[in-house]
């Protein structure tokens, strides 16, 4: 059943990078390369190693607000949705996502200041289903 | 106890190179019981005395070997056990403890059970040849008492064995 | 529909309308990204040596750090990298200093000598990048000579708060200590802390002893001993080291492979009669024995489901060893292991979610786990001879025996987590085998 859920999520969000590109073409100034670099910086800090196996399955979406300096506003992070019914595991997975966003953004993400409006609000889906070791 | 065991070891290594039926094992009294050595090779109680345990161990042959995971008795094993049965029938003052052993290629508990199965197969065969069941007991050592210590089939085949350990006057 | 049912917001309420984002991105909408590639690496923590004048402060800090490192889930940042020095347990935490060295968790503490033979150990845990404590500060008080247990208690708390699993550091392991050459091995029953400290020998080496098993509360051990001349199950009180045969069984009938029921009041074991081994239950109070299996095959290695309703065991009724599950009251059982090779020594996880086993194929041995219906089998280890898994009380780590081949082959105890990561040798005073992991001590 979980696998099915994952597929639905992936199907819904596969358009993510393309959306970023579309935004750039709309004149916001954020290119696909900018968005991809942003994602790459964040994922370097997303560590699921200390999560229990059950929490390593959780797909979740979080949203947050950015300061113009490229630093995420820590208090703004919130969970939008999760694939898990387990509150405790969801909380652990959310903390891992939160650490990823805040830790790698502590010095400011590398984003074009001119396009601040297009990255002031960010929603990130964290999907570990493809990286499970087992 | 340790020293007596070590003294036996070279003899055992030599034996493994000999044909099974012609086993010649000086004073070996079973692998599980780290007991005292048997009598010397000559004279009363020695290997030339057909009523001695040395004769039983070396001339009759005190052990039979098994195939991997098996407890069935090969024709060679049956030949040796026929000799054991005849000897026990002619020497009624002796009782026998039949040890079952396994090689190291198995889990500990399964090997205990397998050793018991092998010992029981020997016991049943001896009873079928007329030895009273009251004179026979069994014990399994699983893989706990290998006689050969290499980790190849050459050793495993010697360790998958039953050993009939006889004792006089110790009624069951 | 399925998606909606499985998606809940952080508030726990169903989200009906925002299940899947619409593809069209409004000009003012958020930037949407998907991250599928994270890292799996140990979480870096800082643990400044606990404050306190006594040696215990340094010793306790060292044991806590070793517990956490040993899980493979945490990495200790070396103290010489610390920018901040912690000089007072109640001082404000300077988060930027810890962020700068990339510490994600910070553990601070102090050890107070109470002067009456007791010490107090206090600690706090901080999430450095969230700039907030993770849970409340806690204090443990106990005799100074039980400082190791207090250190393990702190580590269990830290582990639990970060991973969401209960810990397994304040535990003991029973095992068989081995000495001597391969063809004249001497074996002794022994017990130690899970990390190899505080080894205590419970039997001498005169009698061959095998495969201890803990009672659910850790107060008693079952094991097989040749003390009477024949292999027989014994029960021992750990504190007093008093032992007795579980049953008065006449010579020739071997009993072995015992295990407690989850209640601790009864035992299951294998009894051999005439070469055939079957599984029996033994009521500890009355000594009544009941037969649970009855085939002419070898049936052994029984282990209860945590709820006590089922028994997993091995049988060679189809030729080779395979794993079966039967009701606690006995029965034929249904086979759950599939595939070529031999499956033995099944052990039900204390969480009930997996069964660990020994798998043998193509001349190699493996420790594996599978779901309780036999699905999702995965092998965690591979060697010349791996056998006899035992679960940590949190069901996330397994210890087992690994033996090396050849004339000088020797057994040692290893641990591995259930994802197959973090394989490591467990410290023992010499050769060791047949580990049995006890419960968390209270």
Assertion target for B:107, B:95, ordered by fewest C-beta neighbours within 10 angstrom first, is B:95, B:107
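Starting from the Kirkwood Rh over alpha-carbon pairs, what translational D in µm² s⁻¹ does chain C have by Stokes-Einstein at 20 °C and 1.002 mPa s?
88 µm²/s
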Shape parameters for region C:307-442, alpha-carbon atoms, Rg then Dmax in Å | 14.9, 44
Going from the fewest other Cβ atoms within 10 Å to the most, one would list C:228, C:303, B:140, B:90 as B:90, C:228, C:303, B:140
Within 10 Å of each Cβ in peptide A:38-48, how many partner chain Cβ atoms are there on average? Round it to a whole number, please.
-> 4
What is the distance, in nm, between label points placed 7 Å from the Cα along the Cα-to-Cβ direction at residue B:157 and at residue C:81?
-> 5.8 nm
Output field shielding_mean for B:66-77 (other chain Cβ, 10 Å radius) holds 1
Candidates C:207, C:160, C:130: whichever shows maximal mean-square fluctuation once chain C is modelled as a Gaussian network with Cα springs under 10 Å = C:130
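For region C:100-231, rounded, prolate or oblate, judged on the Cα gyration tensor with a ≥ b ≥ c (square roots of eigenvalues), a/c < 1.5 rounded, else prolate if a/b > b/c? Present the calculation step by step, with values, prior to reporting the outcome.
Values: a/c = 3.08, a/b = 2.30, b/c = 1.34.
Prolate, because a/c is 1.5 or more and a/b exceeds b/c.
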Region C:274-344 shape via C-alpha gyration tensor axes, a/c threshold 1.5 = oblate
Taking the Cα atoms only, what angle lies between the long axis of helix C:55-70 and the longest principal axis of chain C, rounded to 10 degrees?
-> 80 degrees
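Compute the FRET efficiency between residue C:114 and residue A:86 as 1/(1 + (r/R0)^6), taking r as their Cβ-Cβ distance and R0 = 41 Å, and round to the nearest 0.05.
Numbers: r = 41 Å, r/R0 = 0.99.
Computed FRET efficiency for residue C:114 and residue A:86: 0.50.
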So, relative contact order of chain C in percent, Cα under 8 Å, 6 or more apart, is 9 percent
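Averaging over every viewing direction, what projected area does the convex hull of the Cα atoms of the protein assembly as shown cover, in nm²? The partial results should precede the final answer.
Working: hull surface 149.4 nm².
If I average the Cα hull's projected area over directions, I get 37.4 nm².
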Per its Cα gyration tensor (rounded if a/c is under 1.5, else prolate when a/b beats b/c, else oblate), region B:125-167 is best filed as prolate
Mind jotting down the three principal axis lengths of region B:62-172 based on Cα atoms? Whole angstrom, largest first.
-> 39, 27, 19
Once you put a point 7 Å from the Cα of residue C:144 and another 7 Å from the Cα of residue C:407, both along the Cβ direction, what distance in nm separates them?
-> 5.2 nm
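Nearest 0.05, what FRET efficiency do residue C:227 and residue C:382 give at R0 = 41 Å with Cβ-Cβ as r? Please list the in-between numbers first.
Details: r = 36 Å, r/R0 = 0.87.
Computed FRET efficiency for residue C:227 and residue C:382: 0.70.
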Counting only other chains, what is the mean number of Cβ atoms within 10 angstrom of the Cβ of each residue in peptide C:270-276?
-> 6
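Values quoted throughout were computed directly from the atomic coordinates according to the rules given, and no laboratory measurement underlies them. Note that the structure is predicted; figures quoted are calculated from it, not measured. All Cβ positions, glycine included, derive from the backbone under ideal geometry; neighbour counts span all protein chains shown.
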